[in-house]
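Here the structure comes first, spelled out in structure tokens, and everything after it is commentary.
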Amino acid sequence: MLDNILTIIDTTNMSNDGNFLLNMQFENPVYTINSALDKFVVEAIQKNIFIVVDYIKDLPKVYYDRRLLSNVVANLM
């Protein structure tokens, strides 16, 4: 939870020219979601937990903050 709060504070900071300091990426977010989920696979296997994640894999390229999306997936897990 603290990591999310710090991320929100960090991503909502404004630069000297008044623009937000978001780390926006233009790509398919599936890669970021998959890499965030991969962190939990080994732990789930060790604890005999089955994780089934179903989402649309053919998402279009969009602008999003990669770090913020990774934090959201991590908190869901």
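Descriptive notes on the structure:
- Across the range 64-77, a minimum of one residue is classified as under 11 Å from the mean Cα position of the chain (by Cα), surrounded by 12 or more Cβ atoms within 10 Å (Cβ to Cβ), of a type in the set (Asp, Glu) and modelled with pLDDT of 80 or more.
- Applying the criterion of being loosely packed, with under 11 Cβ neighbours inside 10 Å and under 16 Å from residue 37 (Cβ atoms) to the residues of the range 54-63, the residue that is modelled with the highest pLDDT is 54.
The values are calculated or read from the model by the stated rules, or taken from the named source; none is laboratory data. The shown structure was predicted, so the numbers you read here are calculated from the model rather than taken from an experiment. No Cβ is skipped: glycine too gets one built from the backbone with ideal geometry, and neighbour counts run over all protein chains shown.
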